[in-house]
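Heads up: the structure comes next, in structure tokens.
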């Protein structure tokens, strides 16, 4: 079972090398726009990750030592909103005829028709970087919040304040270096995700040329054997580019850490970095408002019948019939729902198996434990645009699974990996005495696990299921490529409508996608609240 | 039905921890294992309970009522363990926690009666449906001990069971525990660093490392 997750990831690179061939690998360099496509990929993903990291740090710096309640509560919905829905909403917010310009026109801009310049699909992928940053922000903030609490950094922060440091400088000198270390793996994962987030790139990214991942996707869809092989070569290039970029990123972080140590002990109570963080914390809050506006504009466009420029609101509204026909009782709905439920449940079981195997292995050697950990997250360490075509090739050259099964497999690789990341901390932190007590009371191992440990861990287990559900609802590339165009989900339709220019259709599908993702996410999270109403020992603040 | 430790020696990696520990504990009697932290008190309990894992290596023999325990898994040793923290399962009610310890096979009515009976010995009648989190530290400690006793063990292993309690509760719990041990006639090992525990419970003292 566990091999389902790791084997495709382990085989991805060799399979692509063999099947694309040395000729295509060289020819790929000569494709028109190749160099710029590679540049855009690195810039948008790199900038998106750095931006998200700085803003996350700034937001945390703003709440350090104070109540972080609003931050803790506002991040999960943002995390659960699918990339595609966010991209479509963002595009409709900042497009030349988007909501933002409408709100400002004509009184502030003087415009009575859409401007000619465009903020979306800018040639270097900056709007794509902003989109990626908005989606990576909650990922970083939530992980950093739990790291701050787990490693009890608050007393150290208070000590720095009482030594006379201003809050942002104290954060930069005391908490930030620790967080940077704790976020090592998430930073790598976010960057790798960003560099092949084709759904977001198709909506927000430039087109001539597009980022390397989209170029590869277009080429893989080429019907000629030669073109297709070139596409495979491109996805291999993407992997190499990603690893090279990560090496540079790692070098930068190492240098920064070396400098930061000296800087932290120079005795300055105030600093430019502190001032910059204070400013960035305002930008961070602004970004959150921006994200909410993007989702609201999705809502407006989904229900707008007639909306003349530059009116701030639509003149007439659609009926509610599309909600039923498109959002609830459609093929897209059915496909999205079964894929999400099946892949999240299977993924949860696999994630549990990985963590429990790791815990077992840790009692013997740390190396064995690390091997399990590496296998579990392997699918997140290879760009999707490399991994997914490789899995398709493995299938075409032997397995020949039906498209629905292959698509489900693709989803499971990611739900299992993210599920593992969510479950690992809480399971490893569980007091081993609970298990020992159950065993000493004469219960067999499986009962100690099933009747004691897993129920105590219900909250993180359901959180992991919630993440799995939203990962599957958001999945684009795995559904499109592995489903071989035969599985239509909200994501697929929203992205294709958005790039086809059908604004209302795109908004309606994106809204349906976001609705289901959020509904699933919060239903899963509410299960422990219902079951453990009368169990204060398992209240939300404990887990 | 005595608990016998025969020539137990333990190493952590290459470091010797203790060696040649031989003790016999009769039914209803208490052996208080004392010693500074790091002297191997908890390791000794883990060896007896079957929880000793790498890097601990050990030799010797553990016998309970003449039965050799060495190769039995923890759940088949019939040893009752009580830790410093009560470790009540937070997802179960007080009554369900007690029920978890009881052997299966009895009727629901009988189980309920046994639970009520146990609660009344602890002065906690009517607490079956309570959330463990709503109990005081002393009450939790009692439930934890009762849960262990209801599993009908053949011996008791107590690992610093009173050290997390305040002074008044401590005295109370020592008396309660000693009475339960007398009533059930279980051979008991009490690991503690507090000489007053051994004194109050009339235990035979044994110091690690053996001098």
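Descriptive notes on the structure:
- Verdict on residue A:215 being farther than 30 Å from residue A:36 by Cα and touching a residue at least 12 places away in the same chain (Cβ under 8 Å): no
- Residues located in the range A:413-439, provided they are out of contact with any helix residue (DSSP H, G or I) (no Cβ under 6 Å at 6 or more places or on another chain) and more than 8 Å from chain B (Cβ to nearest Cβ): A:421, A:425, A:428, A:429, A:430, A:432
- Looking only at residues of the range B:56-98 that are touching a strand residue (DSSP E or B) at 6+ places or on another chain (Cβ under 9 Å) and on the phi > 0 side of the Ramachandran plot, we find that the one that is nearest to the other protein chains (Cβ to nearest Cβ) is B:78.
- Single unsatisfied condition, residue A:498 versus (1) touching a helix residue (DSSP H, G or I) at 6+ places or on another chain (Cβ under 6 Å); (2) in contact (Cβ under 8 Å) with a residue 24 or more places away in the chain; (3) within 14 Å of chain B (Cβ to nearest Cβ): (3)
- Residues in the range A:445-476 that are at the interface with another protein chain (Cβ under 9 Å from one of its Cβ atoms) and closer than 18 Å to residue B:85 by Cβ: A:448, A:452, A:456.
- Taken together, B:127, B:206 contain a single residue that is more than 13 Å from every other protein chain (Cβ to nearest Cβ) and closer than 16 Å to residue B:86 by Cβ, which is B:127.
- When the test is whether a residue is in contact with a helix residue (DSSP H, G or I) (Cβ under 9 Å, 6 or more places away or on another chain) and under 28 Å from residue A:47 (Cα atoms), residue A:93 passes it.
- Looking only at the range B:35-55, and only at residues there that are over 18 Å from the mean Cα position of the chain (by Cα) and within 11 Å of another protein chain (Cβ to nearest Cβ), the one that is modelled with the lowest pLDDT: B:54
- Test result for residue A:442, surrounded by fewer than 24 Cβ atoms within 10 Å (Cβ to Cβ) and within 14 Å of another protein chain (Cβ to nearest Cβ): yes
- Verdict on residue A:241 being assigned to a helix (DSSP H, G or I) and over 15 Å from residue A:176 (Cα atoms): yes
The values are calculated or read from the model by the stated rules, or taken from the named source; none is laboratory data. None of the values given here were measured: they were computed from a predicted structure. Virtual Cβ from ideal backbone geometry, glycine too; neighbours counted across all protein chains shown.
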